[in-house]
Structure formats: structure tokens, C-alpha cells
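Encoded as C-alpha cells, the structure appears first; notes follow it.
Bear in mind these aren't lab numbers, they're just calculated from the coordinates by the rules spelled out. This structure is a prediction, so every number in the text was calculated from the model and none was measured. Note: ideal-geometry Cβ built from the backbone for every residue, glycine included; neighbour counts use all protein chains shown.
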Amino acid sequence: MKWLILVLGILSNASASVLVKMAMMAPRKFPSLNDPGAALGNWPFWLGLGMYGCAFLLYAGALARLPLNVAHPVLTAGAIATVAVSSAVFFREPFYWTTAAGILLVIVGVGLITARVA
């Protein structure tokens, strides 16, 4: 259960980042005090904001069940890797071999950090 909470936190965090990116792309407008009406119709912004809140609650739930030195690196690295892949899939952003190598190194690094604790 503790790992499921952490995986859901990773997915919530990464989804929030993708939604905020969508919210900042044309034809949507950046929410601002100058044009508050534009913010009301920007559903990806509000959904992304809600997903960040959900990610925070899941992270807090994971911290109640896992040590900080396990939960934080796994959540952070998982979100980074998921966002890197999502940006290539959803936004056609470049995904270089160095990106894949970096993700692999992060996974190995987090595995080493958490190996003796988990």
C-alpha cells in the first residue's frame, strides 16, 4: 500500500506538470490579475493546480509510511522521469539518448540510496 501511494503521488505530480504546460500554451491565456476572466476558462490550469494538491497529500501519506530518505528521492526521481517521457509523448519535445541515459542513472542512483532502507 505504501508503494502504491508513492506511485500515485508520482503520477499526480507529473500529471500536474503536464496540465500546467498545457495551460500555458496557445490559445489559452496565463491566469493574471489583469484578465481574471481568462483564468476561469483555463481548465488545465485549475486541474493541474488540483493535481499538485493531490500529489502533496499523497506525498504526506507516503511519508507516514516510508522513511523520508526513501520517499523523497523516489517521488522526485519518478516525477522527473515521468515528465521527461510525457513531454516527448504529449508535446513532441525532443527525447535524446542523453535523456534516456539520465533517467537510467537517476533510477540507479535512487536504487542505491534506498537499497539498504527498503
When a/c is below 1.5 the answer is rounded, else prolate if a/b is larger than b/c, else oblate, so apply that to the range 64-118 with a ≥ b ≥ c taken from the square roots of the Cα gyration tensor eigenvalues. oblate
The chain, helix-only ellipticity at 222 nm - DSSP H runs n ≥ 4, -39,500 (n - 2.57), divided by all residues, nearest 500: -26500 deg cm²/dmol
Can you run phi through the Karplus equation (6.51, -1.76, 1.60; θ = phi - 60°) for the range 38-52 and list ³J(HN,Hα) in whole Hz, with x for Gly and Pro? 5, 5, 5, x, 8, 4, x, 5, 5, 5, x, 4, x, 5, 5
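How high is the relative contact order of the chain, in percent, counting Cα pairs under 8 Å that sit 6 or more residues apart?
32 percent.
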Report, by chain and number, residues whose modeled amide H sits under 5 Å from the one on LEU66, excluding near sequence neighbours (fewer than 5 apart, same chain). none
Distance in nm between VAL20 and VAL85 label points, each 7 Å along Cα→Cβ, equals 2.1
Once you order the gyration tensor axes a ≥ b ≥ c over the Cα atoms, which shape class does the chain get: rounded for a/c under 1.5, otherwise prolate or oblate by comparing a/b with b/c? oblate
Dipole magnitude of the range 2-114 about its Cα centre (Cβ charges: Lys, Arg +1; Asp, Glu -1), debye to nearest 20: 100
